[in-house]
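Written below as C-alpha cells is the structure these notes are about.
The values are calculated or read from the model by the stated rules, or taken from the named source; none is laboratory data. For clarity, every value in this text was computed on a predicted model and none was experimentally measured. Glycine gets a Cβ as well: all are built from the backbone with ideal geometry, and neighbour counts include every protein chain shown. Ligands, DNA and RNA are stripped out before the accessible areas are found, and what is left, the full protein with its side chains, is counted by its heavy atoms. Shrake-Rupley method; radii C 1.70, N 1.55, O 1.52, S 1.80 Å.
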Amino acid sequence: MATLYNRMSKEKLREPFPDRTLHTAPSPSNGSVEAQNRNVRTPSGPKQAVRPDKHREIKNRIQMRLIEELDSEVLNNGRGLSSEQKQEIKDKILNYLSEETELSLAESWDIAESLLAEIVGFGPIQPLLDDPDVSEIMVNSSRQVYVERKGRLQQADITFEDDRQVMHLIEKIVAPLGRRIDESSPMVDARLPDGSRVNAIIPPLALKGPCITIRKFSRDPLTIENLISFGTLTEDMALFLEACVRARLNIIVSGGTGSGKTTMLNILSSFIPGDERILTIEDAAELQLRQEHVVSLETRPANVEGKGEVSIRQLVKNSLRMRPDRIVVGEVRGGEALDMLQAMNTGHDGSLTTGHANTPRDMLSRIETMVLMAGMDLPVKAIREQIASAVDLVIQTARLKDGSRRVTHITEVQGMEGEVIVLQDIFRFVQEGVDANGKIIGEFRPTGIRPKFYDLLLASGITLPDRLFG
C-alpha cells in the first residue's frame, strides 16, 4: 500500500502546478482574476508588476528537476523532514533560480519560499499553520482567506492562485488518509499530520470554489494554569472541577462553536488518575491525554460504495466491552447520547463528553432530542429521569464578543421534581459591562450553595475549603 501511494504521489508531483489562465475570465475587466493577479507581493514589501505565467514556467521547470534529483520518499514526506533537509531543498531551489537571469533577488526568494511550501508544506497557508497565534484558518475561496487570532476573525494577507491550487492542497491532505473528494463525494473531514482538524467542501456545494476550514492542533496542550491566567475561570473553580473529576462525577461540557469545549475536555481529562484505563472516542482525534493507559478510537466514514462507516454510537457500544474505567467522548450529537447515558448509569461513572448548546438547560434539552434520534420510543419523562440520574455536572463555556472565552456556568444536575430536571448553579460569570477598549468586564461568583454531591467528594477523600462556596 505504501509503495502504491508513493507511486501515485510521484505522479501527482509530476503534474504541473495549477495554471491560473485556465480559470480567468475571457475579458480583461478590472474585476477579473487575471487583473487581480497582475500584482504579486515580493519580500521587499511593495507590490511589483511581474509576469505570472513566466514564473509558473520557472516553477514547473524547477519542480521537474527536483523530482529527478531527490528521492520520492523525501518529496512525499515533506512534513516529516528535518530543518536541515528542508534547508537543503531550499538551497537547491535557490541554486536553480540563480540560473534564471531575468529574476531579481527579491523575486528569487519569493519563488523559493512559495515552491518550498508547495513541496514540503501546505502551500500559501503554511505560514499560517506555523503562526502560534492563529487558532483557525478559513479558506473561503482561492481569493479570500480568513484566520482567527486570539478569538477574533481577520482577513489574512495571502491568496491562492486559483481553484486548482486549492484543490491540489485538499488532495494533498486527504490522500494519505485514504479519503477522497470529488463531485460524487464533495465533503470530507480529515486531519493534518500534527492533528489539526480539517473540513473541506467543494463545488457544486461550495458556490465560490473549494472551501477549507482548519482548526489548529496545539503543539503544547493548554493546562488549567493557562486557563486561569487567560481569565477563563478562577483558581477556586479549577480546584472544584479537579475534585469533581477525581470523585468520578459524570460531566458534560456545553458551549457554542469555538467556545473552548474540546480544550476544557482535554484539561478535565488530565485530572483522571494515571492508574485508570481511559477510552477516548472522537470523530477526529484531538484529545491529548498525558496518561499512559489510554485507548484512542476514531470514527470512519463510508467508502466509495457507501459502506464501511463506523459511527460514534458503534464505538461507544463497543467501548463497553473493552473494560474502561473512564469513557471520554469528544462530542455527542446523535443517537450515541442514549448509549452514553446508559454507560453512565451502569457503572461507568466518571465519563466526560461535550455538546453544542447555549445554556446548561439547553444542553439537557438537546440530549433529550438526541436520545429520540436513537430510534427508541421512550416517554419524555423516562428520558429525563435517565439524564437526571446519569449527569452530575454541566460546564458551560462561551466565546464573548471581545473574543475572550469564559466558563459562564458550572451547574449541578440535582434530580427530578415532577417532570422537570432541577438544575442549580454552583459558579457563574456575571458580565458587568464593557471597557473603553471593548473588553468585557465581569467577575466569577460562587452562588453560595454547596452541591448535593458534596458528600460524594468527602467519601472520595476530597475536602474543599469552605470559601469555594461562599
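Summed over the residues of region 151-288 and divided among them, the accessible surface reaches 42 Å² per residue at a probe radius of 1.4 Å. Average accessible surface for region 331-470: 47 Å² per residue, computed with a 1.4 Å probe over protein heavy atoms with every protein chain in place.
Starting from the Kirkwood radius over alpha-carbon pairs of region 171-250, derive D by Stokes-Einstein at 25 °C in a medium of 0.890 mPa s and give it in µm² s⁻¹.
Reported coefficient: 155 µm²/s.
Nonpolar atom fraction for region 326-393, defined as the carbon and sulfur part of the 1.4 Å probe accessible area, stands at 50 percent.
Could you tell me what percent of the accessible area of region 202-252 is made up of carbon and sulfur, with a 1.4 Å probe and every protein chain present?
In region 202-252, the share of accessible area belonging to carbon and sulfur is 57 percent.
Pop out the carbon and sulfur fraction of the accessible area of region 261-314 as a percent, whole number, probe 1.4 Å.
45
The loop-placed GluC sites (Glu not before Pro) in region 149-229, going by DSSP, that have at most 10 neighbouring Cβ atoms within 10 Å of their Cβ come out as GLU183.
Subtracting the Cα-Cα distance from 0.36 nm times the residue separation, let me have the gained length for ASP157 to GLU417 in nm, one decimal.
Result: 88.0 nm gained on full extension.
For the residue pairs LYS216/LYS439; LYS208/LYS439; LYS90/LYS401; LYS381/LYS439; LYS150/LYS317; LYS150/LYS208, the alpha carbons lie more than 31 Å apart in LYS208/LYS439; LYS90/LYS401; LYS381/LYS439; LYS150/LYS317.
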